[in-house]
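**Q** Let me begin by handing over the structure; questions about it come next.
Read the figures in this text as sums done on the coordinates, not as results from a lab. Every value quoted in this text rests on a predicted model; they were computed, and no experiment measured them. A quick note on method: Cβ atoms are made from the backbone with ideal geometry, for glycine too, and the neighbour counts reach across all protein chains shown.
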Amino acid sequence: MTKQERVALGQRLRQQRNHLNLTREQFAELADIGAGYYGQIEVGTSQMSIDTLIKVAKTSRLSLEYILFGEGEEPADQGSIQALLSRCSPRELRLAEKVLQLFLLRGDV
């Protein structure tokens, strides 16, 4: 894998991590990998083993094909979710956020 491909892979992971509203440290902990190592993956200075790739894919909720090549299954369009949330009361929004966080942080996909 070239440096440019590693950087692009890292950008896809960073974008998804930001969508999940997680810090690098939180994401790395959920994926059960070192935070420093995960940071190197995001900036494209380190490569991953297959085991690490699988952990990152499960945690990020992205397909292996999308992580590696930027093709295939992309993250879902968030417009429909935002439309639903725009009709919620502040209390409903807090509850929806908690439910979504629990859903995304589950490790048994």
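**Q** Given (1) 1.18; (2) 1.20; (3) 1.01 as candidate values of Rg/Rh (Cα atoms, Kirkwood Rh), which corresponds to the one derived from the coordinates?
**A** (3)
**Q** If packing is taken as the mean number of other Cβ atoms within 10 Å per residue, what is the order of 42-52, 25-35, 87-97, highest first?
**A** Packing proxy ranking, top to bottom: 25-35, 42-52, 87-97.
**Q** Which ³J(HN,Hα) values in Hz, rounded to whole numbers, follow from the phi angles of segment 87-103 under the Karplus curve 6.51 cos²θ - 1.76 cosθ + 1.60, where θ = phi - 60° and Gly and Pro get x?
**A** My calculation for segment 87-103 gives 9, 8, 6, x, 5, 5, 4, 4, 5, 4, 4, 5, 5, 5, 4, 4, 4 Hz in order.
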